[in-house]
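Read through the structure below, which is laid out as C-alpha cells, and then see the notes.
The values are calculated or read from the model by the stated rules, or taken from the named source; none is laboratory data. Computed from a prediction, not measured in an experiment: that's the story for all the values here. Positions of Cβ are generated from backbone atoms using ideal geometry, with glycine treated the same way; all protein chains shown enter the neighbour counts.
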Amino acid sequence: MLIPGRKYLSGLFREWVRIMILLFFVAPMHAQEPVMVRVDRSTPDGTSQFTIGVTHTQPNWQEGNPQAVARAKSLLADGLKFQNQHLMDWGTENPEPKPGVYAWTSLDKRVALMRSMGATLVITLCTAPGWMKTSGEDFPRQTGPDSWADDRVADSHVEDFAALCQKVVQRYPDVKYFQIWNEYKGYWDKATDNWDEVRYTNFYNAVYDAVKSVRPDAQLGGPYYPFDGPKPKDWPVIDYWFQHKHGADFVCFDGWVAGYPPTRARDEEARKMTLTDYFRKIADQFRTRTTLPIWISEFYGGWSSNPQFTAANHASCYLHALRSGVSVALLWDAELPKWNYLFTSTKTAEGGQASPHYQVVKMFNTQFGPGTRLFKATSSTPDVEVLASATKTLLINKQDARVPVMLDRHLLNLGPYEVRLVDASQE
C-alpha cells in the first residue's frame, strides 16, 4: 500500500480549506432556489414591431453646455429614431399669431434638431393659436383642476386650424407621421361627465381631410386618447371615433401605469411592479377593434428616486407592450428627471450622461426592434421576465433583491432590479 507523502497531504488539506471557505461565502447566495428560465429557439413566438421614441417638450436641453449637448444628441441618435414635436406649445411658439401671418422660427428649429439626429420625424398637430380657440389663450394653464378645460378649437375656427395643418405638412415634407390633437384637450363635456366624442371626431375628420388633400402620403393617427384606469366609459368614446372617422393610418393613446399625478416614493415600487402589463391590456382592446398599427403617444411607466427601479419597471412595461404588438412608444421628454429621463441635465459639461433607463431603451431598440423574430421563453416566476431573439436573451429582475437564475444550464445572479442582456452563445 502506498502511503501519501507529507507534501501531498498538506496539498489536500489546503484544497479542502479552499473549498470550505468558498462554500461558506458562496452558499448563502444560492440558498434561495434559483428561478428557472428556459429558452426554446426551435419554437418561434412572433415578430417584434416595437420601437421606442421621444417627444421633445419645454426644456431646451439642446441649448445647454456644448459638450453635454453633443453627448445627449449622440445618445438619442444612437438609441432612438422616432422623435416628436408638437405644433405649438411644449417648446414651440405660435405659428400663426394673426390670421394669415405665420411665424415658423421655433418650429423650424425643433424640426432641424430632430433632423440633425437622423430621426424619423413626427409632429403632433396640437395646440392652436389663441384666436382659434374657445379660451382665446395662446398658452393655457397646464396645471390645476381646470387646466386645458376650455381649450379646444372653436367650431367656427376648425377650418382655420385645418388650413394651418395643411401649411405645416407642406412646409415639412420629410415629416411622415402626424398625430391629431393631444388627449382630447378642451373636449370634456361636464354635462355627460365624459369626453365629447362627437365634437372631437368632427374636428379630427376636418384635419384629416385637409391634410390628405395636400399630402396623401402623410400618415395620420388618432384619437390620442388619455387613459386613466382605464374605465368602462372610455370605450364608447373610442368606438364612436372608430365608427365615424374618415380614415387613419395608425391609432394612438396614452396613460400612466401607476396613475396621475406620479410619485417617486420608494415604498411604492413593489406595487408599481405589479402594474407593468397596463399598456398591454389597453393595446389588446385596441387590437380587437383594428388591424392598424398601435402607438402609445405618451408612455409613462413607473419610476422612483431609484433610477435602477425606473429602468427595470420600464423594461417590463416595454416587454408587455412589445408582446401586445405595439408599434411605437413615445416617451415624454428626454431630460426631465421627474419623467422618464434618458440623460442627465445638459446645464454643465458633465451632463448629458446616459441613465439606466436609456440603456434599457437602447437594448429594446437595437436588439428587439421591428422585424426581430422572437422565440419561446418561459420563467418559473413572474418576478423574473424574459424575452428571447435568435441571438439574445433579455432578463428583467422585478425584485429589489438579488435573484439566482438558472438560464438553461447556466447559473446567473441578477442584482436588485437588474436588466441583463445575455448572448445566446453564452447560455
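Scan (1) within 30 Å of Ala311 (Cβ to Cβ); (2) free of Cβ contacts under 8 Å to residues at least 40 places away in the same chain; (3) not hydroxyl-bearing (Ser, Thr, Tyr); (4) not in a loop (DSSP other than H, G, I, E, B) for the single condition Gly91 breaks and write down its number.
(4)
Please go through the range 225-247 and pick out each residue that is touching a strand residue (DSSP E or B) at 6+ places or on another chain (Cβ under 6 Å) and in a loop (DSSP other than H, G, I, E, B).
Phe227, Lys233
Any residue that is closer than 18 Å to Gly325 by Cα, of a type outside the set (Val, Ile, Thr) and under 21 Å from the mean Cα position of the chain (by Cα) - is there at least one of those in the range 380-387?
Checking the range 380-387: at least one residue is closer than 18 Å to Gly325 by Cα, of a type outside the set (Val, Ile, Thr) and under 21 Å from the mean Cα position of the chain (by Cα).
Take Thr276 and decide whether it is touching a helix residue (DSSP H, G or I) at 6+ places or on another chain (Cβ under 6 Å), polar (S, T, N, Q) and assigned to a loop (DSSP other than H, G, I, E, B). First the steps, then the outcome.
Details: touching a helix residue (DSSP H, G or I) at 6+ places or on another chain (Cβ under 6 Å): yes; polar (S, T, N, Q): yes; assigned to a loop (DSSP other than H, G, I, E, B): yes.
Here the answer is yes, as Thr276 does meet what is asked.
Being in a loop (DSSP other than H, G, I, E, B) and either surrounded by fewer than 22 Cβ atoms within 10 Å (Cβ to Cβ) or more than 14 Å from the chain's Cα centre (by Cα) (or both) is the filter here, so list the residues in the range 279-301 that pass it.
Thr288, Arg289, Thr290, Thr291, Leu292, Pro293
Only one of Leu414, Leu421, Leu407 is touching a residue at least 24 places away in the same chain (Cβ under 8 Å), under 19 Å from Ile52 (Cα atoms) and out of contact with any Phe, Trp or Tyr (no Cβ under 9 Å at 6 or more places or on another chain); which? Full working, then the answer.
Working: Leu414 fails: under 19 Å from Ile52 (Cα atoms); Leu407 fails: under 19 Å from Ile52 (Cα atoms).
Just one listed residue meets the conditions, Leu421.
Quick one: Gly255 ticks every box in (1) closer than 19 Å to Ser297 by Cα; (2) in a loop (DSSP other than H, G, I, E, B) except a single one, so which number is it?
The number of the failed condition is (2).
Go through the residues of the range 196-212 one by one and say whether even a single one is in a loop (DSSP other than H, G, I, E, B) and of a type in the set (Gly, Ala, Ser).
Among the residues of the range 196-212, not one is in a loop (DSSP other than H, G, I, E, B) and of a type in the set (Gly, Ala, Ser), which makes the answer no.
Does Pro216 qualify as being touching a residue at least 60 places away in the same chain (Cβ under 8 Å), not small (Gly, Ala, Ser) and not in a strand (DSSP E or B)?
no
Can you tell me which condition Asn313 does not meet? The list is (1) assigned to a loop (DSSP other than H, G, I, E, B); (2) under 13 Å from the mean Cα position of the chain (by Cα); (3) farther than 24 Å from Trp90 by Cβ, and all the others hold.
Just one mismatch for Asn313, condition (1).
Any chance you could count how many residues in the range 132-164 are in contact with a strand residue (DSSP E or B) (Cβ under 7 Å, 6 or more places away or on another chain) and not in a loop (DSSP other than H, G, I, E, B)?
4
Within the bounds of the range 218-226, is there any residue that is under 22 Å from the mean Cα position of the chain (by Cα) and more than 22 Å from Lys281 (Cβ to Cβ)?
Yes, because at least one residue in the range 218-226 is under 22 Å from the mean Cα position of the chain (by Cα) and more than 22 Å from Lys281 (Cβ to Cβ).
If I ask for residues that are part of a loop (DSSP other than H, G, I, E, B) and not hydrophobic (A, V, I, L, M, F, W, C), which ones from the range 394-421 would you list? Spell out the reasoning first.
Going through the range 394-421, the residues part of a loop (DSSP other than H, G, I, E, B) turn out to be 398-402, 408-409, 415-418.
Those that are part of a loop (DSSP other than H, G, I, E, B) and not hydrophobic (A, V, I, L, M, F, W, C): Lys398, Gln399, Asp400, Arg402, Asp408, Arg409, Gly415, Pro416, Tyr417, Glu418.
Run Ala70 past the list (1) outside any strand (DSSP E or B); (2) touching an Asp or Glu at 6+ places or on another chain (Cβ under 8 Å) and report the number of the one that doesn't hold.
With (1) outside any strand (DSSP E or B); (2) touching an Asp or Glu at 6+ places or on another chain (Cβ under 8 Å) applied to Ala70, the lone miss is (2).
Checking the conditions here, which among Gln32, Gln58, Gln67 is polar (S, T, N, Q), at pLDDT below 95 and over 24 Å from the mean Cα position of the chain (by Cα)? First the steps, then the outcome.
Numbers: Gln58 fails: over 24 Å from the mean Cα position of the chain (by Cα); Gln67 fails: at pLDDT below 95.
Unique residue meeting the criteria: Gln32.
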